[in-house]
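Written out below as structure tokens is the structure these notes cover.
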Ligand SMILES: C[S@@+](CC[C@H](N)C(=O)[O-])C[C@H]1O[C@@H](n2cnc3c(N)ncnc32)[C@H](O)[C@@H]1O
């Protein structure tokens, strides 16, 4: 507890420091309630993590922001708890997933409409195969079509298109968004998905030529039922509205001093999870072409495509790491410089939009680059202080490998050095005071 008579400033820091000392592991807790399990997403939060900070630092109707909202865990928790949820993400599939999870859905209606939709798609394939083949040929540009032909067998292509045509006819916004997520989760799945990829849920698109992909109808039916099973209206339907913006985290477009709390997690510094590599399997069906998706991928924070911007003036913590890494690998050091530089603009934006006295919570894992632990958390904390935040502290949470889906290669190297370094992540607590 803060000492009697201590300033608001100290009290704020004390409260956040205390929160960072709490058990942030949340092992053994069920994270599949409400809409959280609707779609796989690597490195998503356990819902209890944003819930804890939202309940500790905001009240009803406050604004909670996640500027790198991914599958929307922070947003769903904020909306469920009656806060206004705002997210940003440059990844169109992340936005689709998060937006769908924020819209109310009537489970009975969803099951009825979904079942009718599957039956209509089956009939269409049976009766109008030619029409579907024709539509398939017109729907994609040559490069995107070649991608689809490489990864999906002709039967699954037709089944997917038949389902999609039905989904596109659904008028109600929340229902259509829900079916799109069901559709996408039949593709971005572990080995059971409808493509020839091995494990898209872990962003592993290796082709398995002798794989016998499941029927899209069967998978859609399965996922529809699974998603609705956890959907208990009073906990799943949000109490408050939420929105997901397509702006990058560095320029949210939100007014200054308007946000009550930020809970977010950026991508890893070494780009360990290549979201777009898996997401394009789904996005091509929703009208995105391969070239456009490659351009979005290059805008990912920390992407190793050569940037044109110079990132100088980083804090000493970052510069020291960069010097050590440059001695081992100049190219990786340049990519890490870009990551720290971009994160600096993102954290500056967080500072701008937050109200005075309010916290930003940034959750990040560290990265091992050429045998060097880059201690990303310390770098980001130093960046936070540089842009004007007060650093209340850095909490540690042990990852539950079964829950927070990490890149597959980490999971398979249980005893390797990198695995040892990757078994925890850091919770950076910053407060804006000026
Ligand atoms: C670790 S994930 C967030 C996961 C999220 N906490 C959840 O529970 O699902 C990081 C997210 O940052 C997003 N991202 C990458 N670059 C971005 C940028 N420049 N602006 C906004 N979001 C970005 C990625 O698309 C990804 O969804």
Scan (1) in a loop (DSSP other than H, G, I, E, B); (2) under 28 Å from residue 165 (Cβ atoms); (3) assigned by TED's automatic domain parsing to the domain that holds residue 84 for the single condition residue 211 breaks and write down its number. (3)
For the condition over 18 Å from residue 366 (Cα atoms) and surrounded by 20 or more Cβ atoms within 10 Å (Cβ to Cβ), what is the one hit in 343, 350? 350
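Residues checked against (1) buried (at least 22 other Cβ atoms within 10 Å of the Cβ); (2) modelled with pLDDT under 95:
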site: 20; (1), (2): no, no
site: 28; (1), (2): no, yes
site: 38; (1), (2): yes, yes
site: 50; (1), (2): yes, no
site: 54; (1), (2): yes, no
site: 62; (1), (2): no, no
site: 90; (1), (2): no, no
On the basis of being in a helix (DSSP H, G or I) and at pLDDT below 95, does residue 174 make the cut? yes
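Given the structure, is residue 253 in the same structural domain as residue 78 (by TED's automatic domain parsing), modelled with pLDDT under 95 and closer than 30 Å to residue 83 by Cβ? So that I can check it myself, show each step before the final result.
Numbers: in the same structural domain as residue 78 (by TED's automatic domain parsing): yes; modelled with pLDDT under 95: no; closer than 30 Å to residue 83 by Cβ: yes.
Considered against the rule, which asks whether it is in the same structural domain as residue 78 (by TED's automatic domain parsing), modelled with pLDDT under 95 and closer than 30 Å to residue 83 by Cβ, residue 253 comes out as no.
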Filter the range 163-204 for residues that are under 19 Å from residue 110 (Cβ atoms), without any contact (Cβ under 8 Å) to a residue 60 or more places away in the chain and surrounded by 24 or more Cβ atoms within 10 Å (Cβ to Cβ) and give the result. 163, 186
Going through 79, 99, 94, 146 one at a time, which residue ends up being under 22 Å from residue 188 (Cα atoms), more than 12 Å from the ligand (Cβ to nearest atom) and not assigned by TED's automatic domain parsing to the domain that holds residue 192? 99
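Given the structure, is residue 117 at pLDDT 95 or above, away from the ligand (no atom under 16 Å from the Cβ) and either surrounded by 20 or more Cβ atoms within 10 Å (Cβ to Cβ) or not in a helix (DSSP H, G or I) (or both)? I'd like the intermediate steps shown before the answer.
Values: at pLDDT 95 or above: yes; away from the ligand (no atom under 16 Å from the Cβ): yes; either surrounded by 20 or more Cβ atoms within 10 Å (Cβ to Cβ) or not in a helix (DSSP H, G or I) (or both): yes.
Here the answer is yes, as residue 117 does meet what is asked.
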Residues that are at pLDDT 90 or above, under 20 Å from the mean Cα position of the chain (by Cα), under 23 Å from residue 69 (Cβ atoms) and within 13 Å of the ligand (Cβ to nearest atom): does the range 325-342 have at least one? yes
Could you list, in sequence order, all residues of the range 18-50 that are out of contact with any helix residue (DSSP H, G or I) (no Cβ under 8 Å at 6 or more places or on another chain) and more than 14 Å from the ligand (Cβ to nearest atom)? 18, 20, 21, 23, 25, 27, 28, 30
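Do we have residue 109 as without any contact (Cβ under 8 Å) to a residue 12 or more places away in the chain, more than 10 Å from the ligand (Cβ to nearest atom) and farther than 25 Å from residue 302 by Cβ here?
Details: without any contact (Cβ under 8 Å) to a residue 12 or more places away in the chain: no; more than 10 Å from the ligand (Cβ to nearest atom): yes; farther than 25 Å from residue 302 by Cβ: yes.
So residue 109 does not fit the description; no.
The values are calculated or read from the model by the stated rules, or taken from the named source; none is laboratory data. All figures in this text were calculated on a predicted structure; none of them were measured in a lab. Quick reminder, even Gly has a Cβ in these numbers, built from the backbone with ideal geometry, and neighbours come from all protein chains shown.
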